[in-house]
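One structure is given here, and the rest of the page talks about it.
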């Protein structure tokens, strides 16, 4: 039972990290999700850059479920254990964190430009409708 829970937590953690990186792009198509993405990315930044040593609650949940399943917990965090050195060499961590951050910021800029363009198009359409109605 706890092994299944561990797998679910790991799946949720990978999904969360993927959403932090590409969620801003998803908001281009589903604009209401931008607030969820801002929150998720903000939390991710706090966990990665915090000086207090906080650990993600999902990492804590994984360690707890592993111990309950009779496995040893890990000292390393989720990214350290499953991503860094596994998906890419550890010496590229700063480069990849920077690229991920730029992708997130770029997605927000793109979202804002799309939102502003849609808003301006809507205003032009309303102005045109009012002029036609007044004629």
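Worth pointing out:
- Scanning region 16-34 for residues that are within 14 Å of residue 110 (Cβ to Cβ), within 10 Å of the chain's Cα centre (by Cα) and surrounded by fewer than 16 Cβ atoms within 10 Å (Cβ to Cβ) yields a single hit, 22.
- Checking residue 10 against (1) at pLDDT 95 or above; (2) more than 25 Å from residue 117 (Cβ to Cβ), the condition it does not meet: (1)
- Residue within region 46-58 that is at pLDDT 90 or above, surrounded by 15 or more Cβ atoms within 10 Å (Cβ to Cβ) and assigned to a helix (DSSP H, G or I) present: yes
- Some residue of region 114-129 being surrounded by 13 or more Cβ atoms within 10 Å (Cβ to Cβ) and either more than 30 Å from residue 6 (Cβ to Cβ) or modelled with pLDDT under 90 (or both): yes
- Residues located in region 59-87, provided they are touching a residue at least 12 places away in the same chain (Cβ under 8 Å), surrounded by 15 or more Cβ atoms within 10 Å (Cβ to Cβ) and part of a helix (DSSP H, G or I): 59, 61, 62, 65, 66, 78, 79, 82, 83
- Options 37, 13: the member that is in contact (Cβ under 8 Å) with a residue 12 or more places away in the chain, farther than 18 Å from residue 102 by Cα and crowded, with 16+ Cβ neighbours inside 10 Å: 13
- Boolean, residue 102 is assigned to a helix (DSSP H, G or I) and over 25 Å from residue 6 (Cα atoms): yes
- Long-range neighbours under 6 Å by Cβ, at least six apart or interchain, first residue at pLDDT below 90 within region 88-109, second surrounded by 15 or more Cβ atoms within 10 Å (Cβ to Cβ) and not in a helix (DSSP H, G or I): 90/84; 93/84
The values are calculated or read from the model by the stated rules, or taken from the named source; none is laboratory data. Since the model is a prediction, treat every value here as computed from it, not as a measurement. Neighbour counts run over all protein chains shown; Cβ positions are idealised from the backbone, glycine included.
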